[in-house]
1. Expressed as a rounded percentage, what relative contact order does segment 431-549 have, with Cα pairs under 8 Å and six or more residues apart?
2. Multiply the residue gap between Asn372 and Glu287 by 0.36 nm, knock off their C-alpha separation, and tell me the result in nm, one decimal place.
3. If I model a spin label as a point 7 Å beyond the Cα along the Cα-Cβ vector, how far apart are those points for Asp71 and Met345 in nm?
4. Between Lys492 and Ala217, what length comes free when the chain is fully extended (0.36 nm per residue of separation minus the Cα-Cα distance, one decimal in nm)?
5. Ordered by packing density, taken as the mean number of other Cβ atoms within 10 Å over each peptide's residues, highest first, how do 313-320, 462-469, 60-67 rank?
6. For a label point 7 Å from the Cα of Leu256 along Cα→C-beta, name the residues of segment 328-369 whose backbone N is under 14 Å from it.
7. Could you tell me what fraction of 2.2 N^0.38 Å the Cα radius of gyration of segment 231-342 comes to, as a two-decimal ratio?
8. Could you state the principal axis extents of the C-alpha atoms in segment 297-427, from the largest down, to the nearest angstrom?
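Derivation of every value follows stated rules applied to the coordinates shown; laboratory data play no part. Computed from a predicted structure; not experimentally measured. So basically every Cβ, Gly included, is an ideal-geometry build from the backbone, and we count neighbours across all protein chains shown.
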Amino acid sequence: MSQSAAKKKELQAAVKAPVGPSRLARKRAITPRGIVLLSLFGILLAAAVFASVYALTYDRVYPGLSAYGIDFGGMTREEAEDALTQKMDAVYAGTSVTLSLDGQSVTITAEDAGVSLSADEAAEAVYRAGRTGSVFSRLAFAFSSLYARRTVEDAVGFYIDREAVRGIVSSLSDSLFQPPVEYMWVIGKSVIDVTCGRDGAVSDPDGMTEAVIGRFAGKDFSPLSYRSETVPPAPLPLQDLYDQIKVEPEDAYIVLDEDEQASVIPHVVGVSFDMRKANDLLAQRPEKMSIPLLFTVPDLTAAALEENLFRDMLGQYSTSTAGSSQNRVTNIDLTAQFMTGTVIMPGGECSFNKTVGKRTEARGFKMAGAYNNGQVVDEIGGGICQASTTLYNAVMRSNLHIISRQGHSMTVGYVPLGMDATVDWDNIDFVFSNDTAYPIRIVAWYASQRLNIQIWGTKTDDLTVSIENEVLAHKPSQTLTEHNPALAPGAKSTKTTGHDGWTVQTYRVLKDPDGKVVYRNPEAKTQYKKVDTIIEVGVPAGGDLPDENGGVETMVPVIPSPDPSPDPMPDPYPEPVPDPGPDPTSDPDSQSPVWPEINMEQEDGYAV
């Protein structure tokens, strides 16, 4: 057998060997000290159980509880209630709180305030102390009450008649209440009378009521003192007042009705007041104050406008119709009727075509001579260019602004060179504007073989106007003959009346009262084309008209026109004598001014 096998058997034998009696005895023996400790533990456990049961079943107030100087420990509910009743009567007997507001005071007694304690509820609250919550918390409270002191005054029910206190406080507050006096004003014709506002006095009755209640609840009977709060009135709304009375000054002005009649719209007087001075006066806090109104009269009042309206004749012109046909005169007269009374507002424009309207037979216009492509032909409204020309000259002499003007293609005989204005419906118009500060009115009438036009307005300067012209170029016309087999042998007929060709520059000249030229400006440049005179001659029997040498004369110049003068052509129409025409509001036919005579150049019996 090996050595390891022998050791294994020895170990197995030792394990299986029985334990001896002496070893068991040693394990099971209890010492005296252990017995004492176990006894003490049992006693303590029993005591704890007994104490816990006693604490949880204790039917009196736990020790260490007090309120208002009363020690409730060990009392029953009834004993605690009796003690509280006696103590409370002594605590609030004869007590009061004095409340002062703005120097006036009121004393509120505990009886006035209805102060009381519910003794039964208070006793119950004292008794319940430590008897709520978990078992452990209750046991902790009970055991701690053996050495700890606790006050339970907060648990005692305190009652006060809040409404009674509020009523007493409000009586004092209302007696001293002064609402702010607001500003009042009356807007008069020349001033704004202001009754200034006053500060008010306002207190806080709710806050004071709570303070009194707090005093009684805390058994603090010291006085309370308050001051009312100053409440200012709403500020005087100066800006709103200013906006209410503010009126911007407005000039009087003219309006035209449907009948082109002018009427004056009255001016508006401006109203305001000095805001800075009003604020300075308000800062002094007077009881009353007056704010003077400021009135601003506009530059142009209704009276001034009516007085100045169409006060002055700004310019006038007249042309003669001597030698004109009746139809042509009718057209000119009718045109004057359409023009007269026309009012042009400041900044407004006047169109001859729009003012006179379309020339139709239905409107009364007649057939009369007129220029057309260098020829004189009969047209409806022939001759009205004399009206537009007369208006043009009156407008220039009124120193008004010309917007659109065109001269004739050939010269006319009723005005100097360069001073005519042709019109043609839908093609050519004469237009001017009123660049003065006042309305202007056209007054036109036909009388004694003259067309008269005046411009009435308001003259604001002392300048006089004249129109000058200067010949820049001249092309004389020639007289030519032309055979016409339709004429009797040797007979003659004028086919075309000649017109010289001209280039003319006109100037508008303004002079001061001393005759000094203050303005001379080119007005218009006009070019008239040359038209030769053509004489038709009948062919004699046997052929062409022989000349002295037996030849045939077909186109021969005969009468040359004179050379032009190199000097500027003077205006043959001097200004009329002062106010020679009728008042614009009267019948123009009833007063005929004295006009300078004008030589008319005839065009086949018609003045164009």
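1. So the answer I get is 28 percent.
2. Values: separation 85, 0.36 × 85 = 30.60 nm, distance 8.80 nm.
Length gained between Asn372 and Glu287: 21.8 nm.
3. Each label point is offset 7 Å from its Cα along the Cβ direction, giving 11.0 nm.
4. Details: separation 275, 0.36 × 275 = 99.00 nm, distance 14.40 nm.
The Lys492-Ala217 span can extend by a further 84.6 nm.
5. On the way: 313-320: 23.4, 462-469: 16.4, 60-67: 20.4.
Packing proxy ranking, top to bottom: 313-320, 60-67, 462-469.
6. 338-357
7. That works out to 2.08 for segment 231-342.
8. Projected onto the principal axes, the Cα atoms of segment 297-427 cover 60, 34, 28 Å.
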